[in-house]
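Novice: Dropping the structure in here first, questions after.
We did not get these values from a lab; they are worked out from the coordinates using the rules stated. Being a predicted model, the structure only gives us computed values, none of them experimental. Here Cβ is always computed from backbone atoms with ideal geometry, including for glycine, and neighbour counts include all displayed protein chains.
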Protein chains: 2
Amino acid sequence: MGLKVEKLKINFKTLEEFKKFKEYGLQELSMLEDFQANIVEDHNVSPFYGIYFGDKLIARMSLYQIDAKFDRYFYPPQNYLELWKLEVLSDYQGKGYGKQLVDFAKSFGLPIKTNPRVQSHGFWEKMNFSKVDYEMERDRGENPLVWYPEGVEAQQH
Amino acid sequence: MGLKVEKLKINFKTLEEFKKFKEYGLQELSMLEDFQANIVEDHNVSPFYGIYFGDKLIARMSLYQIDAKFDRYFYPPQNYLELWKLEVLSDYQGKGYGKQLVDFAKSFGLPIKTNPRVQSHGFWEKMNFSKVDYEMERDRGENPLVWYPEGVEAQQH
């Protein structure tokens, strides 16, 4: 059975499901507070994508497009995607859902930057993500990994 | 016995001790590679501070000063510190070493921003750090917590 990657609608049900993910954080709390206060304008631009198993959200990620003028990672400088909070609920791991989300992100054809937990670097290598040359001013405290589509390479500083 | 917070000298011994910390990442690997290649120029500006128990490094953090012109968190806009990778080795937790490092960071009198694991928010609240109003463009995927010295408040956007 093939499950689809979907852009997530932000509503009380989705926000409740988000609580099951380890990387639940300030972003989700802020969306919940806005929802409770009936301020919903921002959530049309929710950057979350996910996979449902039946009506249960079992995997998610956030994708956010960065404008070329802020690009310090890719050459030629261009719009790229930041991928955060990739996570598959533990009962559903090892079934390819993480890869499915990453493949979906790649399908936009833009370079991708992510900043994963150090322990997950093996996964990202399998996804063909590469380490950048660490630069303290740019990468402060992060462990950036990037994916280069064809014709794109690292920016030299 | 009072242990001191020290600015860490980056050398092979320190880099070896860093491997015991969970947040060992690209930054440390990059320093190690530079060291092995005898490129040491950058490490005079190492942003690491730590606490030794005897000759064993048991706690560390990284402090990096951000220039006022990049300040999007504090009002009035000013130089501030980013604090990353605060960590106490597990055998030495619960003895106040984390607080000692944070107090050391505060002693510079500059505002501080950190982006901790969600699970550690209780600790940061005790340190008088506050949540910011999450802004997607600025805080992408982070959970920023900040500390305001007297006379400093949140920047409004």
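Novice: Pick from B:N38, B:N115, B:N128: which is most flexible by mean-square fluctuation in a GNM of chain B where alpha carbon atoms under 10 Å apart are linked?
Specialist: Checking each option, the largest mean-square fluctuation is seen for B:N38.
Novice: Counting other Cβ atoms within 10 Å, which GluC sites (Glu not before Pro) in region B:84-142 have at most 16 and lie in a DSSP loop?
Specialist: Loop-located and lightly packed - B:E135.
Novice: In what sequence do A:Y134, B:Y92 fall when counting other Cβ within 10 Å, fewest first?
Specialist: By the 10 Å Cβ count, ascending: B:Y92, A:Y134.
Novice: I'd like the trypsin sites (Lys or Arg not before Pro) in region B:49-157 restricted to DSSP loop residues with at most 10 other Cβ atoms within 10 Å, sorted by number.
Specialist: Those that pass, being in a loop and sparsely packed, number zero.
Novice: Other chains' Cβ within 10 Å of A:133-146 residues: what's the mean?
Specialist: That average works out to 5.
Novice: Restricting things to Cα coordinates, could you compute the convex hull volume per residue of the protein assembly as shown in Å³?
Specialist: 158 Å³
Novice: How long is region A:7-157 along each principal axis, judged by its Cα atoms, biggest number first, in Å?
Specialist: Principal-axis extents of the Cα atoms in region A:7-157, largest first: 45, 35, 27 Å.
Novice: Let me ask another. According to a simple spin-label model (label point 7 Å from Cα along Cα-to-Cβ), what is the distance in nm between B:K22 and B:Q156?
Specialist: According to this spin-label approximation, the distance is 3.9 nm.
Novice: Now for a separate question. As a test, work out the antiparallel percent of DSSP beta bridges whose residues both lie in region B:5-154, rounded to the nearest 5.
Specialist: 90 percent
Novice: Considering Cα pairs under 8 angstrom that are at least six residues apart, work out the relative contact order of region A:5-154 and quote it in whole percent.
Specialist: 19 percent
Novice: Once the Cα atoms of helix A:97-106 and of chain A are each reduced to a long axis, what angle between those two axes, in degrees from 0 to 90 to the nearest 10, is obtained?
Specialist: 60 degrees
Novice: Something else about it: Here is the link list: B:K56/B:K131; A:K22/B:K126; A:K113/B:K106; B:K19/B:K99; A:K69/B:K7. Which ones come out longer than 24 Å on Cα distance?
Specialist: Cα-Cα > 24 Å for B:K56/B:K131; A:K113/B:K106; A:K69/B:K7; rest within.
Novice: I'd like the FRET efficiency for A:K13 and B:S107, computed as 1/(1 + (r/R0)^6) with the beta carbon distance as r and R0 of 41 Å, rounded to 0.05.
Specialist: The value I calculate is 0.30.
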